[in-house]
Amino acid sequence: MNKKVVLGARVLLGLLFLVFGANGLMMVLTGSGFIPMPPPSPADMAVMGGIFSLKYLLPLVKALEIISGILLLCGCYINLALVLLAPIVVNILCVHLFLIPSGLPMGLFIVALLLILFADRWDSFKGLLDK
């Protein structure tokens, strides 16, 4: 795969998760983030209320996003970052597919970036599919 495309995908994905992870963690800890968000619809609020009710989940996910974003930007432990981000990205996609369709374009973009990085490092992961 073209190394410039892979580098671009790695940097973009790293920046996305570092910035939005930090914003989300700040929102959890202080009540407001540094990126303003529009008020959620009642349906969005029901989804977010369920996530917020589990007190540990959002801080854990946001911390993993920040750590993975830093690893991707530094270019070290990329496979670990991809493994940590894969279930988060699947959840982002599913939330936007089934519950909050307004964010689907961004969800698909994040999936595409992750797939580019997995494809580039496929030799590291194909052993997981061995019997």
Those residues of segment 59-87 that are in contact with a Leu (Cβ under 9 Å, 6 or more places away or on another chain), farther than 15 Å from residue 19 by Cα and among the hydrophobic types (A, V, I, L, M, F, W, C) come to a total of 6
With criteria (1) of a type outside the set (Ser, Thr, Tyr); (2) under 25 Å from residue 120 (Cβ atoms); (3) modelled with pLDDT under 90, residue 91 comes up short on (3)
In segment 15-32, residues that are in contact with a helix residue (DSSP H, G or I) (Cβ under 8 Å, 6 or more places away or on another chain), within 22 Å of residue 71 (Cα to Cα) and without any contact (Cβ under 8 Å) to a residue 60 or more places away in the chain total 8
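Does residue 129 satisfy the condition of being exposed (fewer than 13 other Cβ atoms within 10 Å of the Cβ) and either closer than 23 Å to residue 18 by Cα or modelled with pLDDT under 95 (or both)? I'd like the intermediate steps shown before the answer.
On the way: exposed (fewer than 13 other Cβ atoms within 10 Å of the Cβ): yes; either closer than 23 Å to residue 18 by Cα or modelled with pLDDT under 95 (or both): yes.
Considered against the rule, which asks whether it is exposed (fewer than 13 other Cβ atoms within 10 Å of the Cβ) and either closer than 23 Å to residue 18 by Cα or modelled with pLDDT under 95 (or both), residue 129 comes out as yes.
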Worksheet item: Going by the structure shown, is residue 69 modelled with pLDDT of 95 or more and not in a loop (DSSP other than H, G, I, E, B)?
Response: yes
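Report whether or not residue 1 is closer than 19 Å to residue 112 by Cβ, at pLDDT below 95 and either over 17 Å from the mean Cα position of the chain (by Cα) or assigned to a helix (DSSP H, G or I) (or both). Give the steps one after another, and end with the answer.
Numbers: closer than 19 Å to residue 112 by Cβ: yes; at pLDDT below 95: yes; either over 17 Å from the mean Cα position of the chain (by Cα) or assigned to a helix (DSSP H, G or I) (or both): yes.
It is true that residue 1 is closer than 19 Å to residue 112 by Cβ, at pLDDT below 95 and either over 17 Å from the mean Cα position of the chain (by Cα) or assigned to a helix (DSSP H, G or I) (or both).
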| request: Would you check if residue 18 is on the phi < 0 side of the Ramachandran plot, in a helix (DSSP H, G or I) and modelled with pLDDT of 90 or more? | output: yes
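Select from segment 1-41 the residues that are touching an Asp or Glu at 6+ places or on another chain (Cβ under 6 Å) and farther than 18 Å from residue 59 by Cα and write down the one among them that is surrounded by the fewest Cβ atoms within 10 Å (Cβ to Cβ). Working first, answer last.
Applying the first criterion (touching an Asp or Glu at 6+ places or on another chain (Cβ under 6 Å)) to segment 1-41 yields 1, 6, 17, 21.
Applying the additional criterion that residues be farther than 18 Å from residue 59 by Cα yields 1, 6.
Values: 1: 12, 6: 16.
Once the filter is applied, the top-ranked residue is 1.
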Going through segment 38-59 in order, the residues found to be among the aliphatic types (A, V, I, L, M) and closer than 16 Å to residue 91 by Cβ are 47, 48, 51, 54, 57, 58
The correct count of residues that are within 23 Å of residue 101 (Cα to Cα) and aliphatic (A, V, I, L, M) in segment 26-42 is 3
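The values are calculated or read from the model by the stated rules, or taken from the named source; none is laboratory data. Only a predicted model underlies this, so the values are computations on that prediction, with no experimental measurement involved. Cβ atoms come from the backbone with ideal geometry, glycine included; neighbour counts cover every protein chain shown.
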